[in-house]
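Undergrad: Attaching a single structure in structure tokens format; questions to follow.
The values are calculated or read from the model by the stated rules, or taken from the named source; none is laboratory data. Bear in mind the structure is a predicted one, so any value in this text is a computation, not a measurement. The area values use the complete protein model at the heavy-atom level, side chains included, leaving out ligands, DNA and RNA. Shrake-Rupley method; radii C 1.70, N 1.55, O 1.52, S 1.80 Å.
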Amino acid sequence: MNVVNKTNAIRKIRLEICSLLTPIDGQSMTTTQMQMVNVLAGQTGGLFPVLFLDRVSRARHRSLIPRSFLDLELGPGATRQLTWTQAATDTLQASFDLARQTAARPWEAERAKTGTAQCQPMY
């Protein structure tokens, strides 16, 4: 996702990513840190879903829904590219590794191959 400041003023933006999992047997999504990265993780039906944001983010679990957030300050005309991914495999570490590898893929090239448009919010 690209965030573009199309104004002549500095903009402060908070991006929050939330995740809700209510398993019958397992663990609801919660904030945790893996390899110095804040992620949201849970466990259900033999799967360990992980929600990963590719920038340094902070986590919050004070509300009913766990979330990671990132505070951005964009100068006039500035652009920031952000990538978030979710993966679920049979171990927490494998889910984290897959989410991180997916975020590191060259998404601009992938979009160019498929002709997929980008989302560019205007602020």
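Undergrad: What value, in deg cm²/dmol to 500, does the helix sum -39500 (n - 2.57) over DSSP H runs of n ≥ 4 give at 222 nm once divided by the residues of the chain? Write out the running numbers ahead of the final one.
TA: Values: 2 runs with 20 residues, N = 123.
Estimated from H runs of four or more residues: -5000 deg cm²/dmol.
Undergrad: Working with all protein chains in place, sort 47, 15 by solvent-accessible area computed with a 1.4 Å probe, largest first.
TA: Details: 47 75, 15 35 Å².
Greatest to least solvent exposure: 47, 15.
Undergrad: To test your reading of the geometry: what angle, between 0 and 90 degrees and rounded to tens, separates the Cα axis of helix 92-103 from the longest principal axis of the chain?
TA: Tilt relative to the chain: about 20 degrees.
Undergrad: How much length is gained if the chain between residue 65 and residue 90 is pulled fully straight, taking 0.36 nm per residue apart and subtracting their Cα-Cα distance, in nm to one decimal? Walk me through the intermediate numbers first.
TA: On the way: separation 25, 0.36 × 25 = 9.00 nm, distance 2.34 nm.
That pair, residue 65 and residue 90, stretches by 6.7 nm at full extension.
Undergrad: Shape call for segment 1-105 from the C-alpha gyration tensor, a ≥ b ≥ c root eigenvalues: rounded (a/c under 1.5), prolate (a/b greater than b/c) or oblate? Display every interim value, and only then the final one.
TA: Working: a/c = 2.98, a/b = 1.92, b/c = 1.55.
Verdict is prolate for segment 1-105.
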